[in-house]
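Peer 1: Provided herewith is a single structure, encoded as structure tokens, for subsequent inquiry.
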Amino acid sequence: MKKFRILALVLACVMMIGMCVGCSSANDITVTLKFVLNDGSEFVNYEIKINSETPTVELAVNEANATYPDLGATWSDRYELSIAGYPDTQLEDGTFMYWVFTVNGEEATAKANETAIADGDVITYTYTAYVPEEG
């Protein structure tokens, strides 16, 4: 009888562990999200958890903004982004300041809502200056 109780206890423990493992969704990913100013100084570095069948860079930024409201991320459209008071803008001298993102060091070729991400990816937004050539 004692062996039966031990076996039942072991079986119950195994089932509970299995249920806990099952709590994690196949759609859960964790990515690193960094924001870097144009002088090279990194001012944000978050590890973000996302649950989505189709995770994108935009979802990662939105999740970071929901988790850390001081980030102050706002989208004026899918191209223009403002982070912590650093907006996509044109300065009086004609210089454009804007956020450019990379995923794992590769510059994006699509908008943030179209760029897929995967578990372990590193997304880096860099506040970049562009001075158009006069001509």
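Peer 1: Looking at A26, A12, A8, can you tell me which residue is more than 30 Å from P132 (Cα to Cα), more than 14 Å from the chain's Cα centre (by Cα), in a loop (DSSP other than H, G, I, E, B) and at pLDDT below 90?
Peer 2: Criteria check complete, one pass: A26.
Peer 1: Return yes or no: is T89 farther than 18 Å from A129 by Cβ and free of Cβ contacts under 8 Å to residues at least 60 places away in the same chain?
Peer 2: no
Peer 1: Still on this structure, please answer the following. Of all residues in region 119-135 being closer than 23 Å to P87 by Cβ and β-branched (V, I, T), which is surrounded by the most Cβ atoms within 10 Å (Cβ to Cβ)?
Peer 2: Here the answer is I123.
Peer 1: Out of the residues in region 52-94 meeting the condition of being in contact with a Phe, Trp or Tyr (Cβ under 6 Å, 6 or more places away or on another chain) and outside any helix (DSSP H, G or I), tell me which one is nearest to A108 (Cα to Cα).
Peer 2: Filtering first and then ranking leaves L81.
Peer 1: Going by the structure shown, is A112 touching a residue at least 12 places away in the same chain (Cβ under 8 Å) and in a loop (DSSP other than H, G, I, E, B)?
Peer 2: In short, yes.
Peer 1: Further, regarding this structure: Going through region 58-70 one residue at a time, which ones are hydrophobic (A, V, I, L, M, F, W, C) and either surrounded by fewer than 18 Cβ atoms within 10 Å (Cβ to Cβ) or in contact with a Lys or Arg (Cβ under 7 Å, 6 or more places away or on another chain) (or both)?
Peer 2: Residue satisfying the conditions is A66 alone.
Peer 1: Taking the stated definitions as given, is T102 over 12 Å from the mean Cα position of the chain (by Cα) and either more than 21 Å from N45 (Cα to Cα) or in a strand (DSSP E or B) (or both)?
Peer 2: Taking the combined requirement at face value, the residue does not satisfy it.
Peer 1: A further question on this structure: Looking at region 47-57, which of its residues are surrounded by fewer than 18 Cβ atoms within 10 Å (Cβ to Cβ) and touching a Ser or Thr at 6+ places or on another chain (Cβ under 8 Å)?
Peer 2: Residues satisfying the conditions are E47, K49, N51.
Peer 1: Can you name the residue in region 81-118 that is of a type in the set (G, A, S) and more than 18 Å from N65 (Cα to Cα) and, of all such residues, is surrounded by the most Cβ atoms within 10 Å (Cβ to Cβ)?
Peer 2: Here the residue is A108.
The values are calculated or read from the model by the stated rules, or taken from the named source; none is laboratory data. Predicted, not measured: the structure shown is a model, and the values here were computed from it. Neighbour counts are summed over all protein chains in view; Cβ atoms, including those assigned to glycine, are modelled from backbone coordinates with ideal geometry.
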